[in-house]
Amino acid sequence: MNKDQLISKISTKTGMETSHAKAALDHILSLLSDHLSEKNTVIARGFGTLKPVFRKSRKFYNPTTKTVMEAPPKVAVSFKPSPSLIQRINRRR
């Protein structure tokens, strides 16, 4: 499901106008991004946890140039689904 499809589903289920659903989703995504960029964890009960994970710098071999290079340290985001989400997914199989 992409963002437009999600907006359409929100609009249909809530009875909101599409423009209002888009604004609400954009605002929610902005809040999540801001919170994660401050290196904070986001917990949505019944859905899961978004958590910033710190990755150390590492060396890797570039086969094209045949040199050893270093990837800088970075922050990635990890998602851990809640047990209830996992149950819902497995029930649909």
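We did not get these values from a lab; they are worked out from the coordinates using the rules stated. All of these numbers come straight from a predicted model, not from anything done at the bench. Neighbour counts run over all protein chains shown; Cβ positions are idealised from the backbone, glycine included.
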Scope segment 58-93; condition without any contact (Cβ under 8 Å) to a residue 24 or more places away in the chain, under 18 Å from the mean Cα position of the chain (by Cα) and under 19 Å from ALA44 (Cα atoms); matching residues: PRO83, ILE86, ILE89
Heads up, the strands (runs of 3 or more DSSP E) in the chain (entirely inside) with at least 1 residues that are touching a Phe, Trp or Tyr at 6+ places or on another chain (Cβ under 7 Å) are 48-55, 67-71, 74-81
Only one residue in ARG58, ARG45, ARG91 is on the phi < 0 side of the Ramachandran plot, among the charged types (D, E, K, R) and surrounded by 10 or more Cβ atoms within 10 Å (Cβ to Cβ), so which one is that? ARG58
Cβ-Cβ under 8 Å, sequence separation 6+ or interchain: first residue in segment 1-16 and surrounded by 11 or more Cβ atoms within 10 Å (Cβ to Cβ), partner aliphatic (A, V, I, L, M) and outside any helix (DSSP H, G or I). Which pairs? LYS9/MET1; ILE10/MET16
